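Q: Sharing a structure with you now.
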Amino acid sequence: MNKSILLLAVPIVVVAAPLAMSRNSTTPMSEVTETQAVTPLKNAFKGKFRIGAAVSTAMLQGQDDGSTQLVKTHFDSVTAENAMKPAEIQPREGEFTFANADKLVEIAEQSGGSVVGHTLVWHSQTPGWFFQGKDGQPVTREVALARLQAHIKAVVGRYKGRIKEWDVVNEAINDGPGLLRQTPWLKAVGEDYLAEAFRAAHEADPDAILVYNDYNIELDYKRPKALELVKKLLDQKVPIHAVGIQSHWRIENPPLAETEKAIQEFSALGLKVMITELDMGVLPTRYQGADVSRREAMTPEQMAVMNPYTKGLPDEVAVKHGEKLKEAFDLFLKYRKNIGRVTLWGVNDGHSWLNNFPVRGRTDYPLLFDRALKPKPAFFSIQKAAEAVGK
Ligand code: XIL
């Protein structure tokens, strides 16, 4: 058993920001937003596409009810940020832990929203037991494939008819040369693990929308590979219905022109496009991807430059963040016939994974609500963008 697989299988714990930095210092900008009427965001998107948020495990366990209330009010699609990943839902073979996922379904059903199952097959947050026998040796293809199928059957089957959309395979495309990422699944099963995963999900719930989800597949370096992969699957009559573009972006360079091409090209294959993990970080970064195994260590001197807003976000940056998200939503709205949903990767800035990725311990501001759960300029700018567009 390769040690790096075991390492990757350990969920990365997002450290909650200490209280002192968990509230924005009140800025004139947030005073302005406080006086604006806050109507449910999802109303503005009705008839266009679903608007979603990732829900943390803390929320599912009743430890962040303020954020949960925001989800119920403003979003009509929810994705578990971690609770449905293989390491969480089947930590040991045959031992399923569904409590958090059940809670997510309950939240969605109470508030008239729907759930996206995230994710069935991934190289990260996946326990090593899938790939090794009791003797510690790698299992045969047959055993690994049977485990993949059993996992999908159990998880998709439990929520049949209640979870209508699944991120079936996550991040299978290689960033470097070659089509497929070298993952434990590829090594254990072979190239057809993707096709088999989609087939198993379809068998468990023939009505579910099945998504291939990845980061950077809108970009020129990776889009051709994503097209090649989904074309291959379609040619083999594999049941795949949509492509998920994660969209972990930064205000300096949201790749909108490339995203427009991606939406056109995936749509031309008859697939829906989902924007699955949108966030718009404001901090400087050297790394542009979302490979969760990437970590950048910083000296204190580098941190001072790379973590400039520990005391609050300057108004002009909050406004720029709102403008960039508005530009993104203008594009999504233009292609609303092709897009099934847009999901923000979190609810409030204090709990965004970007506070710890790719550099640990920073203070980022990528989402629609601030650390005090107040809507930010970006909230109002995308709401307006949606209201300006007819169905
Ligand atoms: C991230 C979560 O936000 C973190 O809490 C966790 O520690 C690591 O995973 N691509 C994905 C998501 O598909 O599942 C990842 O979520 C972010 C990158």
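Q: As I understand it, the value is the acute angle between the Cα axis of helix 377-387 and the longest principal axis of the Cα atoms of the chain; what does it come to in degrees, rounded to 10?
A: Once rounded, the angle reads 80 degrees.
Q: Quick check on the range 249-391: of the DSSP beta bridges with both residues there, what percent are antiparallel, nearest 5%?
A: In the range 249-391, approximately 10 percent of DSSP beta bridges are antiparallel ones.
Q: When the label point is put 7 Å from the Cα of Lys153 along its Cα-to-beta-carbon vector, which residues of the range 119-144 have a backbone N closer than 16 Å?
A: Those under the cut-off are 142-144.
Q: Per-residue HN-Hα couplings for the range 248-261, Karplus 6.51 cos²θ - 1.76 cosθ + 1.60 at θ = phi - 60°, whole Hz, x for Gly and Pro?
A: 7, 10, 10, 4, 5, 7, x, x, 6, 5, 5, 5, 4, 4
Q: Per residue of the range 332-342, in order, report the coupling 6.51 cos²θ - 1.76 cosθ + 1.60 (Karplus, θ = phi - 60°) as ³J(HN,Hα) in whole Hz, putting x for Gly and Pro.
A: 4, 5, 4, 9, 4, 6, 9, 9, x, 7, 10
Q: When the chain is treated as a GNM, springs tying every alpha-carbon pair under 10 Å, which of Val305, Val317, Val121 comes out with the largest mean-square fluctuation?
A: Ranking Val305, Val317, Val121 by mean-square fluctuation puts Val305 first.
Q: How large is the dipole of the range 245-378 about the Cα centre if only Lys and Arg carry +1 and Asp and Glu carry -1, each at its Cβ, rounded to the nearest 20 debye?
A: For the range 245-378, the charge dipole is close to 320 debye.
Q: Mind giving me the FRET efficiency for Lys334 and Arg141? R0 is 45 Å, r the Cβ-Cβ distance, nearest 0.05 is fine.
A: 0.50
Q: State the volume of the convex hull built on the alpha-carbon positions of the chain, expressed per residue in Å³ and rounded to an integer.
A: Values: hull volume 52.4 nm³, N = 391.
Per residue, the Cα convex hull of the chain comes to 134 Å³.
Q: Nearest 20 debye, what's the magnitude of the dipole of the chain about its Cα centre given +1 on Lys and Arg Cβ and -1 on Asp and Glu Cβ? Walk me through the intermediate numbers first.
A: Working: 48 positive and 47 negative charges, 80 e Å.
It comes to approximately 380 debye.
Q: Which residue, chosen from Trp129, Ala318, Pro206, occupies the Cα position most advanced towards the positive end of the dipole of the range 4-387, where the dipole is computed from +1 (Lys, Arg) and -1 (Asp, Glu) charges on Cβ about the Cα centre?
A: It is Pro206.
Q: Further question on the same structure: Take the chain, connect every pair of alpha-carbon atoms lying under 10 Å apart with a spring to form a Gaussian network, then pick out the residue of Gln288, Gln125, Gln246 with the largest mean-square fluctuation.
A: Maximum among the listed residues: Gln288.
Q: Calculate the length of the line joining the C-alpha centroid of the range 58-73 to that of the range 375-391, in whole Å.
A: Each part reduced to its Cα centre gives a spacing of 23 Å.
Q: Put +1 on the Cβ of every Lys and Arg and -1 on every Asp and Glu Cβ in the chain; which of Leu219, Gly361, Ala197 then has its Cα farthest towards the positive end of the dipole?
A: Of Leu219, Gly361, Ala197, it is Ala197.
Q: Grab the beta carbon distance between Gln288 and Ala372, set R0 = 25 Å, and tell me the FRET efficiency rounded to 0.05.
A: On the way: r = 30 Å, r/R0 = 1.20.
In this case the efficiency is close to 0.25.
Q: Hey, what number do you get for the chain at 222 nm if only DSSP H runs of n ≥ 4 count, each worth -39500 (n - 2.57), divided across all residues, to the nearest 500? Mind showing how you got there, number by number?
A: Details: 15 runs with 150 residues, N = 391.
Calculated at 222 nm, the ellipticity per residue is -11500 deg cm²/dmol.
Q: Related question: For helix 99-110, what angle does its Cα long axis make with the longest principal axis of the chain, in degrees from 0 to 90 and rounded to 10?
A: Between helix and principal axis, roughly 50 degrees.
Q: May I ask you to derive the relative contact order of the chain, considering only C-alpha pairs under 8 Å and at least 6 residues apart, and to give it as an integer percent? Each step should come with its number before you reach the end.
A: Details: 707 pairs, mean separation 78.6, N = 391.
Relative contact order, the chain: 20 percent.
Q: Which percent, to the nearest 5, of DSSP beta bridges fully inside the chain are antiparallel?
A: Values: 4 of 41 bridges.
Of those bridges, close to 10 percent are antiparallel.
Q: Spin-label point model (7 Å from Cα, Cβ direction): what's the Glu323 to Gln63 distance in nm?
A: 3.9 nm
Q: With every protein chain left in place, what is the accessible area per residue of the chain in square angstrom, probe 1.4 Å? Walk me through the numbers before you get to the answer.
A: Details: 15870 Å² over 391 residues.
Solvent-accessible surface per residue comes out at 41 Å².
Q: Right, something else. Spelling out what I want: for every residue of the range 357-369, take phi, set θ = phi - 60°, compute 6.51 cos²θ - 1.76 cosθ + 1.60 (Karplus), and round to whole Hz; glycine and proline get x.
A: For the range 357-369, the Karplus curve yields 9, x, 10, 6, x, 9, 10, 9, 9, x, 10, 8, 10 Hz.
Q: Can you give me the long-range amide H partners of Val116? Hydrogens built in the peptide plane at 1.01 Å from N, cutoff under 5 Å, separation of 5 or more residues or another chain.
A: Val78, Thr79, Ala80
Q: A further question on this structure: Over what distance in Å are the Cα centres of the range 201-275 and the range 136-200 separated?
A: What the calculation gives is 17 Å, centre to centre.
The values are calculated or read from the model by the stated rules, or taken from the named source; none is laboratory data. A quick note: this is a predicted structure, and the numbers were derived from the prediction, not measured. Positions of Cβ are backbone-derived with ideal geometry, glycine not excepted, and every protein chain shown enters the neighbour counts. For accessibility, only protein heavy atoms count, side chains too; no ligands or nucleic acids. Shrake-Rupley method; radii C 1.70, N 1.55, O 1.52, S 1.80 Å.
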